[in-house]
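This report refers to the structure that appears directly beneath it.
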Amino acid sequence: MAEPSESPTLSAHDALARLREGNRRYAQGVRSVDAMLSHSRRDDLLKLQSPVAIILGCSDSRAPAEIVFDQGLGDLFVIRVAGNIVAPSQVGSVEFAAERFGTRLVVVMGHTQCGAIAATLEAISSGQKGQGSLNQLSIVNRVRPSIEALMSTDLVLDPVRLRREAMRANVRASVNHLRHGSEVIERLAEEGGLAVVGAELDLATGEVTFFDDGLP
């Protein structure tokens, strides 16, 4: 198990500013020299790491957090799972990084054209539990409660908007789960300045938009 970081803790506000700056570079098609040369720091990271942010994102191959935020080796503690859902292992991973490394910003990042969202909407609209293995259905079943109510609104007339709003609702549900489903995270939020925020990545533009709720 890695040793705890001895580097100064970056505040949630400063970490968020760094992510925003990095995403601007990504959206503009440029990379920082530090990120490109970060592999040269491998030896420095063998015993210590001090990630500036914890990212819970989707496993989609088009949404790698390190690239989207133009960060280098050792800069981000990334947890990826289809649909950016929150299960006990994801909560435990966030707790570990926040306690062990002093990281003070957690970002739950969804994205446009998310397959897990599409699969869940299809399962709801068809009245079926969904297709696939029990393991795949476990993902759909975790997404379903946050978006089911949208199927009884006018959004059903606009599939593009429906998928976008469903993705956002799922992100907010994951954020809420992290904020209120862990005594460790609640304590660090109250005493240590930890912030948990939601965000969405637009795959077409590369831009990440952070939700206003919970921003430091």
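The values are calculated or read from the model by the stated rules, or taken from the named source; none is laboratory data. None of these values were measured; they are calculated from a predicted model. No Cβ is skipped: glycine too gets one built from the backbone with ideal geometry, and neighbour counts run over all protein chains shown.
Can T103 be described as in a loop (DSSP other than H, G, I, E, B), touching a helix residue (DSSP H, G or I) at 6+ places or on another chain (Cβ under 6 Å) and in contact (Cβ under 8 Å) with a residue 40 or more places away in the chain?
Details: in a loop (DSSP other than H, G, I, E, B): yes; touching a helix residue (DSSP H, G or I) at 6+ places or on another chain (Cβ under 6 Å): yes; in contact (Cβ under 8 Å) with a residue 40 or more places away in the chain: yes.
Against the criterion (in a loop (DSSP other than H, G, I, E, B), touching a helix residue (DSSP H, G or I) at 6+ places or on another chain (Cβ under 6 Å) and in contact (Cβ under 8 Å) with a residue 40 or more places away in the chain), T103 qualifies.
Go through region 98-118 and give me each residue that's crowded, with 21+ Cβ neighbours inside 10 Å and of a type outside the set (V, I, T). A98, F101, R104, L105, M109, G110, H111, C114, A116, listed by residue number.
Anything in region 132-178 that is among the polar types (S, T, N, Q) and in a helix (DSSP H, G or I)? List them, or say none. Steps first, please.
Quick first cut of region 132-178, residues among the polar types (S, T, N, Q) only: 133, 135-136, 138, 141, 146, 152-153, 170, 174, 176.
N135, Q136, S138, N141, S146, S152, N170, S174, N176 - these are the residues of region 132-178 that are among the polar types (S, T, N, Q) and in a helix (DSSP H, G or I).
For L137, are the conditions met, namely being at pLDDT below 95 and not aromatic (F, W, Y)? If you could, list the steps in order and put the result at the bottom.
Details: at pLDDT below 95: yes; not aromatic (F, W, Y): yes.
So L137 passes the test.
Filtered by the rule that a residue be over 15 Å from the mean Cα position of the chain (by Cα), surrounded by fewer than 16 Cβ atoms within 10 Å (Cβ to Cβ) and not polar (S, T, N, Q), region 38-87 gives H39, R41, R42, D43, D44, L45, L46, K47, L48.
Of the set (1) crowded, with 21+ Cβ neighbours inside 10 Å; (2) in contact with a His (Cβ under 9 Å, 6 or more places away or on another chain), all apply to V91 but (1).
So that you can scan it fast, the table gives a plain yes or no per residue for (1) surrounded by 14 or more Cβ atoms within 10 Å (Cβ to Cβ); (2) modelled with pLDDT of 95 or more; (3) touching a strand residue (DSSP E or B) at 6+ places or on another chain (Cβ under 7 Å):
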site: Q128; (1), (2), (3): no, no, no
site: Q131; (1), (2), (3): no, no, no
site: N170; (1), (2), (3): yes, yes, yes
site: A173; (1), (2), (3): yes, yes, no
site: N176; (1), (2), (3): yes, yes, no
site: V184; (1), (2), (3): yes, yes, no
site: V197; (1), (2), (3): yes, yes, yes
site: D212; (1), (2), (3): no, no, no
site: P216; (1), (2), (3): yes, no, yes
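Take region 183-216 and flag every residue that is of a type in the set (D, E, K, R) and without any contact (Cβ under 8 Å) to a residue 60 or more places away in the chain.
Pass one, region 183-216, residues of a type in the set (D, E, K, R): 183, 186-187, 190-191, 200, 202, 207, 212-213.
Once the filter is applied, which keeps residues that are of a type in the set (D, E, K, R) and without any contact (Cβ under 8 Å) to a residue 60 or more places away in the chain, region 183-216 yields E183, E186, R187, E190, E191, D212, D213.
Collect the residues in region 43-76 that are closer than 17 Å to N23 by Cβ and not in a loop (DSSP other than H, G, I, E, B), keeping them in residue-number order.
If we filter region 43-76 for residues that are closer than 17 Å to N23 by Cβ, which is where we start, we get 51-58, 60, 62-72, 75-76.
Correct list: A53, I54, I55, L56, G57, A65, E66, I67, V68, L76.
Confirm whether G22 is small (G, A, S), in a loop (DSSP other than H, G, I, E, B) and either at pLDDT 85 or above or closer than 17 Å to F101 by Cα (or both). So G22 fails the test.
Close contacts from region 157-182, counting a first residue that is closer than 15 Å to A116 by Cα and in contact (Cβ under 8 Å) with a residue 12 or more places away in the chain and a second that is of a type in the set (S, T, Y) and assigned to a helix (DSSP H, G or I), with Cβ to Cβ under 6 Å and a gap of 6+ residues or different chains, come to A169/S146; N170/S146; A173/S146.
In region 58-70, is there at least one residue being farther than 18 Å from V208 by Cα, hydroxyl-bearing (S, T, Y) and modelled with pLDDT of 95 or more? Before you say what the answer is, go through the steps one by one.
Going residue by residue through region 58-70, those that are farther than 18 Å from V208 by Cα are none.
Checked region 58-70: no residue is farther than 18 Å from V208 by Cα, hydroxyl-bearing (S, T, Y) and modelled with pLDDT of 95 or more.
Scanning region 184-206 for residues that are farther than 22 Å from I124 by Cα, under 13 Å from the mean Cα position of the chain (by Cα) and in a helix (DSSP H, G or I) turns up nothing. Has region 107-116 got at least one residue that is assigned to a helix (DSSP H, G or I) and over 24 Å from A15 (Cα atoms)? So far as region 107-116 goes, yes, one or more of its residues are assigned to a helix (DSSP H, G or I) and over 24 Å from A15 (Cα atoms).
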